[in-house]
1. Could you provide, to the nearest whole Å², the per residue accessible area of region A:1-88 with probe 1.4 Å?
2. Per residue in region B:44-66, which ones lose no less than 50 Å² of accessible surface when going from chain alone to all protein chains (1.4 Å probe)?
3. Leaving out ligands, DNA and RNA, calculate the buried accessible area for the pair A and B with a 1.4 Å probe, summed over both sides, in Å² to the nearest 100.
4. How big is the dipole moment of region A:30-72 about its Cα centre under a simple scheme where the beta carbon of each Lys and Arg is +1, that of each Asp and Glu is -1, and everything else is neutral? Debye, nearest 20, please.
5. Please calculate the 1.4 Å probe accessible area of A:Arg67, with all protein chains present, and give it to the nearest 10 Å².
6. Express the carbon and sulfur contribution to the solvent-accessible surface of chain B as a percent, rounded to the nearest whole number, probe 1.4 angstrom.
7. For chain B, what is the charge dipole size about the Cα centre, in debye to the nearest 20, if Lys and Arg each add +1 at the Cβ and Asp and Glu each add -1 at the Cβ?
8. Treat each spin label as a single point 7 Å out from the Cα along the C-beta direction, and report the B:Arg74 to B:Ser5 distance in nm.
Amino acid sequence: MTAQESQAATVEQVDTAQSRVTLALEIGLYPIDVLYGAAYIFIDRAYVLLDKDEGVGRPGRYLVHLRGKNPMTKEQLLGLSGEFSNELLSQALRRKVVKQNQKLIEEITTQAIAGAAGGSLPTDFLANQDDGLDFLDDPLGIAVPWEEKFKKKKDEPGAAT
Amino acid sequence: MATASQTVLLHRALYMQQAIKQAAETFADFASFAISRQGAHYAVAIADIDPEADGDVVAEFCNFALYNTMQRKRKKI
């Protein structure tokens, strides 16, 4: 196996006349979801055509044909293919993180939905709600006007005049 | 006036037939499409391409077919 063959994504062909670059990816290394994810990111910048090379006597490969929507130089096409390779890695990592945290994500989502639906509040919170107060009661004196509160102080001996 | 026809091969493992049909419906005003099976691929014969259509109708059609496939696969999950 040559150094180029051992790479996960290789540039198979660059066609500057058609502004097209073809990438080859080993099927075993990139799940199809990762390929779709990367293709989705590029679909507004380039024409993306996917193909599959079944491979006789060697592992199968996905072929990704990227064509610029505007004319592109060889450097730009190689840059585009490099960005696509980076996006593949990004999508693969993203997929791995989601898989690892799936239980946690599901739990948080379930709690959020239950909360929004007015479901399960903590039991001690509900128990403390009935404290025998009417809604007009003001045990902390919050509703007392400022003037009333400080009028008494004014009448006290030694208060400023 | 319409231009000559083209055939595009879309691998059956990567593109869904319904997604291709949906893309063909989207571009029906700009060309006519005939979908058939050819080995591991769907062969889409695109004819009567409107020469006055903006952009590359065939390439845009392929992008739409891919996008529709992704959408449909996501719904399945």
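The values are calculated or read from the model by the stated rules, or taken from the named source; none is laboratory data. These numbers were taken from a predicted model, which means no experiment stands behind them. As a convention, Cβ positions derive from the backbone with ideal geometry for all residues, glycine included, and neighbour counts pool all protein chains shown. In case anyone asks, the SASA skips ligands and DNA or RNA and just uses the protein heavy atoms, side chains included. Shrake-Rupley method; radii C 1.70, N 1.55, O 1.52, S 1.80 Å.
1. Here the residues of region A:1-88 average 52 Å² of exposed surface.
2. Those are B:Asn63, B:Leu66, which lose 50 Å² or more relative to the chain on its own.
3. On the way: alone 12440 and 5140 Å², together 16020 Å².
Protein heavy atoms only, the A-B interface buries about 1600 Å².
4. So the dipole magnitude of region A:30-72 works out to roughly 160 debye.
5. Surface accessible to solvent at A:Arg67 totals approximately 50 Å².
6. The computed percentage sits at 48.
7. It works out to roughly 880 debye.
8. 3.4
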